[in-house]
Amino acid sequence: MKNILRSLAVICLVFLFGCTSRGCSSQPVDQQATPYEIGGKTYYNTVDQYGNAEHAKVWFGKDGSFVLTDNTHSGFYEMQGTWDIKENVITLTVDKTGIGNFTKVLFEISNEDKIILKTMLAGSLSDDIFTTEKPVWTPSSVSTAAPTPTSKPEPTKTPESGNNNNSTSSDSSDSYIAYYNADQNNPFGNSFIEFHDDGTFTLTEVQGMGAVQINGLYGQQGNTLLFSNFDSEVIDMNNQKLYNFEMDIYDEDTLILLKDLIASFKGDVFSITGTKPAGLAGSSGGGAMYINGEFTAKHDPSVGVPEQFEPSVKFETNGEFVFTENCYAGMGQYRGWYEVNEIEFILHVEDASTMQGFAGQDVKKIVFKKKDANTIVLSTDLCMSLLGDEFYLK
């Protein structure tokens, strides 16, 4: 009887500790195939842009669980779940998070004491380095500036070179390029979109202290990028289900959003640097008035006036405008530059030589008020065009 009990006890130990022909271990068997031993260790972010004495950190439990504590501008939040290693990549499967809807977090292992974050979090940035050495806080490390992305991937790919395959996974450690919303002014960070070289994308919409992540496929049609095949249901800022969206390619480093998302508005500028190029410096984003680099607003149809003689204004991508006005005896033009804010377009007239002798010849500033996404209202008397006249986006 004693021998039988002893045998049963040995069998129980084998199942409990995962004993194999290579020895016994308290770690899960699927984590023994890696040469890296990270279980039981804590890794600290070597940088902290918020001036906290306690840096962001991640603890890896020997039982395959993890706790990640990430700092933000207003405090910290935690992620919990399980981890596993494949080759030199640690994948965190998130079961619970205090911010956003993150499902996967990736780290690349440099060595047993140094890992590199490969997922943008609400506070920590992609490519931030985490080490087992706990940082020592000094007052000189405090930054009073609003946090802005400082760690950006090298542009090894451009959106034009993306291919559209059937994979919707963004959890691979492939090379990618990121564009940041230059129209947001969020102290907790701006929204950004990553293009992966396998034809997938990851959009992180930062809304207040939270963040929502959207993964899917992208392709290109002409000068427009198309995004679809989302891996989860997406509800936009208008409380409508979002099935797809588009961005125009302004130049290699700049994209223009063509649809309202969750925190980003139609017309917002996304760029690699997080700033606007000179040609878009006057725009305020969210204006919803951008079509393939320029747009034209046309006067509300008037009785007895053929369409080709209706007043119109063309807004160029370089910040200049051409306002073609009906002077009854012919067509005149105003030329100059424009600026945009949240409620209006302000046109600064530099050349009105063709308007001489007609009403409106001395106008130096033309103002349009934004009515909706497709309508602006004139606030200046000209010649045929008068205060209150509506111009429609074409």
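Descriptive notes on the structure:
- Taking label points 7 Å from Cα along the Cα-to-Cβ direction, LYS86 and GLU344 give a separation of 5.7 nm.
- Proximal lysines to LYS266, defined as alpha-carbon separation beneath 22 angstrom and excluding residues fewer than eight positions away on the same chain: LYS241, LYS276, LYS298, LYS314, LYS369, LYS370, LYS371, LYS394
- Extension gain, GLN308 to ASN244, is 19.5 nm, computed as 0.36 nm per intervening residue step minus the present C-alpha separation.
- Normalised by residue count, segment 185-234 yields a Cα convex hull volume of 90 Å³ per residue.
- Centre separation in Å (Cα based) which lies between segment 303-350 and segment 236-275: 27
- Charge sum, other residues only, whose C-beta stays under 12 Å from TYR77's C-beta, Lys/Arg counted +1 and Asp/Glu -1: -1
- Calculated on C-alpha atoms, the gyration radius of segment 328-394 divided by its Kirkwood radius gives an Rg/Rh of 0.97.
- The modelled label-to-label distance between THR93 and TYR392, using points 7 Å beyond Cα along the C-beta direction, is 5.4 nm.
- Linear extension gain, ARG335 paired with THR296, 0.36 nm per residue minus alpha-carbon span: 12.6 nm
- Were the residues from VAL136 through ASP197 laid out at 0.36 nm apart, the gain over their Cα-Cα distance would be 18.1 nm.
Throughout, read-outs are computed from the coordinates displayed, never taken from laboratory work. Treat the numbers as computed from the prediction; the structure is a model and nothing was measured. Reconstructed Cβ throughout: ideal geometry from the backbone, glycine too, with neighbour counts over all protein chains shown.
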